[in-house]
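Accompanying notes for the structure given below.
Readers should treat all values here as calculations from the given coordinates under stated rules, not as data from a laboratory. Please read these numbers as outputs of a predicted model, since none were measured by experiment. Glycine gets a Cβ as well: all are built from the backbone with ideal geometry, and neighbour counts include every protein chain shown.
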Amino acid sequence: MYPELMVLPMREELTRLGIRETRTAEDVDQALRHPGTTMVVVNSMCGCAAGKMRPAVRAALQNEVKPDQSITVFAGQDREATEKARGYFTGFPPSSPSIGILRNGELVYMMQRSDIETNDPRSIALKLAQAFNQFCAKAQV
């Protein structure tokens, strides 16, 4: 684990966007019990999180359609919370950074590290915005 002082700016890069930090398994479960859509961002210290994933999340959240809520866990720091979040990513191996979208606690979209490290922030943001439009849009009445 890295000293918290080193990790704090990377945490704040997401929390400043309104993404709620979940640091325990119970925090994750509690967030995912809420009805609707939740984006779960698995943050990390790596360069692709700093140079690609976090800027892409920031850009994607400018999209008109967004998840009902967004939470984050920090791999390698908040192990219990990260393990719990990854437990919801059914069928996908552990990966960080990564981003999942869940609807009513069920995974509907997954972007793994391999998707992040092979794309630029703009492409990642566009893919996330498309996922928001597909999975987070409210039904028209």
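Taking loop as defined by DSSP and a crowding limit of 11 other beta carbons within 10 Å, which trypsin sites (Lys or Arg not before Pro) in region 75-141 fit?
Passing sites in region 75-141 are K138.
I'm a student and want to see the number: the projected area of the Cα convex hull of the chain, averaged over all directions, in nm².
7.8
If you keep only loop residues by DSSP, which GluC sites (Glu not before Pro) in region 1-80 have at most 13 other Cβ atoms within 10 Å of their Cβ?
E64
Identify all lysines with a Cα-Cα distance to K52 below 18 Å; exclude those on the same chain that are fewer than 8 residues away in sequence.
Cα-Cα hits under 18 Å: K127.
How large is the charge dipole for the chain, taken about the Cα centre, if only the Cβ atoms of Lys, Arg (+1) and Asp, Glu (-1) carry charge, to the nearest 20 debye?
Its charge dipole is roughly 320 debye.
Binning at 10 Å from 0, report for region 1-59 what percent of all alpha-carbon pair distances ends up in each bin.
Using 10 Å bins, I get a P(r) of 19, 51, 27, 2 for region 1-59.
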